[in-house]
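Asks: This structure is in structure tokens; I'll ask about it shortly.
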Amino acid sequence: MSTPSDDTPSRIGDRYRLEERIGAGAMGAVWRATDELLNRTVAVKELLAAAVPARGGALEESRQRILREGRIGARLQHPHVISMFDVVVHEDSPWLVMEYLPSVSLAQRLAQDGPLAPREAADIGSQVADGLAAAHKAGVVHRDIKPGNVLLGDDGRVKLTDFGVSRAVDDVQLTRTGLIAGTPAFLAPEVARGQDPTSASDVFALGATLYAAVEGVPPFGLDDNAYALLHKVATGEVEPPKQAGELHEVMMRLLAKEPEERPTAAQARDLLAKVAAGAAGVPATATALLPPPAGRAAP
């Protein structure tokens, strides 16, 4: 972790005092900060201009993306989604002010401790699915569900974060032609084939995240060559899991190749909660919640 450097402001918006950097990605950094007006700890996300190519309007697009993340986050007030409090423009750059959750990401947890037990993974997945269901109800597709965007709170709460590539149904499309929003290893097959992400794509990505949680690697493996990985994802042929145990059946329904065969996020939440509670496989009462496989009529 680091404190603000000479070229980083120590205070923004006349009220948020930066304390230490707690995370960083390709396009931004996240700081733990103090809201001096309300005397509470918050998380503040900045856009790192140096990480964004200046050509082709990329910097302006990134500014618009982070503002859009603020707008989308503001409409999602849910126990399993990181809350958005404010947007501050400092020296022409937007900073997002968010709920601070003392936590580690699922990606950090897996890197440190290795794969999870199926029931623990199901419990985490159920909480993420609950937040996803709220996002989908609000007309928002997250588009980048992955272990790095799942926060495991020190108090046991699980929260979904980073709506930076999300899209609301009533929002303009900002992704430039030829680019795919999201992380290749966790994309749904239809997205890898060039189709627009949907709520069903989020459900697949949740399944891929749970797969990585119990198996240690995503369902299509890892490859430094993003194009080769995208080609593999586009086939939709998932390597059968070996350590999923009682989570196997529900997880594979989330990972169904065809979007219409997957449960909704709300259905996934309920099914995963049953697994987390110790139900073996998919109970008969829960199976009725799932859409029938392609080619089979509903009972």
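The values are calculated or read from the model by the stated rules, or taken from the named source; none is laboratory data. Quantities reported herein were computed from a predicted structural model and do not represent experimental measurements. Ideal geometry is used to build each Cβ from the backbone, glycine not excepted, and the neighbour counts take in all protein chains shown.
Asks: Just one of (1) closer than 22 Å to ALA122 by Cα; (2) in contact with a Phe, Trp or Tyr (Cβ under 8 Å, 6 or more places away or on another chain); (3) not β-branched (Val, Ile, Thr) trips up LEU229, so point out which.
Replies: So the condition that LEU229 fails would be (1).
Asks: Hey, ILE124 hits all of (1) out of contact with any Ser or Thr (no Cβ under 9 Å at 6 or more places or on another chain); (2) modelled with pLDDT of 95 or more; (3) among the β-branched types (Val, Ile, Thr) but one; which does it fall short on?
Replies: (1)
Asks: Tally up the residues in segment 237-268 that are part of a helix (DSSP H, G or I) and within 20 Å of SER201 (Cβ to Cβ), please.
Replies: Summing the residues that are part of a helix (DSSP H, G or I) and within 20 Å of SER201 (Cβ to Cβ) in segment 237-268 gives 12.
Asks: Turning to a different aspect of this structure: Mind listing whichever residues of segment 200-237 are closer than 21 Å to VAL275 by Cα and over 17 Å from the mean Cα position of the chain (by Cα)?
Replies: VAL214, GLU215, GLY216
Asks: Out of the helices (runs of 4 or more DSSP H) lying entirely within segment 187-236, which hold 3 or more residues that are in contact with a strand residue (DSSP E or B) (Cβ under 7 Å, 6 or more places away or on another chain) and within 19 Å of VAL128 (Cα to Cα)?
Replies: Values: elements: 189-192, 199-215, 226-235.
The helices (runs of 4 or more DSSP H) meeting that bar are 199-215.
Residues checked against (1) at pLDDT 95 or above; (2) in a strand (DSSP E or B):
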site: GLN77; (1), (2): no, no
site: PRO115; (1), (2): yes, no
site: ALA133; (1), (2): yes, no
site: ASP144; (1), (2): no, no
site: LEU152; (1), (2): yes, yes
site: PHE163; (1), (2): no, no
site: LEU174; (1), (2): no, no
site: GLY182; (1), (2): no, no
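Asks: Take the residues in segment 33-45 that are surrounded by fewer than 18 Cβ atoms within 10 Å (Cβ to Cβ) and in contact with an Asp or Glu (Cβ under 9 Å, 6 or more places away or on another chain); name whichever of them is nearest to PRO147 (Cα to Cα).
Replies: Here the answer is THR41.
Asks: Show the residue pairs meeting these rules: Cβ distance below 9 Å; 6+ apart or different chains; first residue within segment 128-144 and not assigned by TED's automatic domain parsing to the domain that holds PRO184; second residue at pLDDT 90 or above and surrounded by fewer than 22 Cβ atoms within 10 Å (Cβ to Cβ).
Replies: So the pair list comes out empty.
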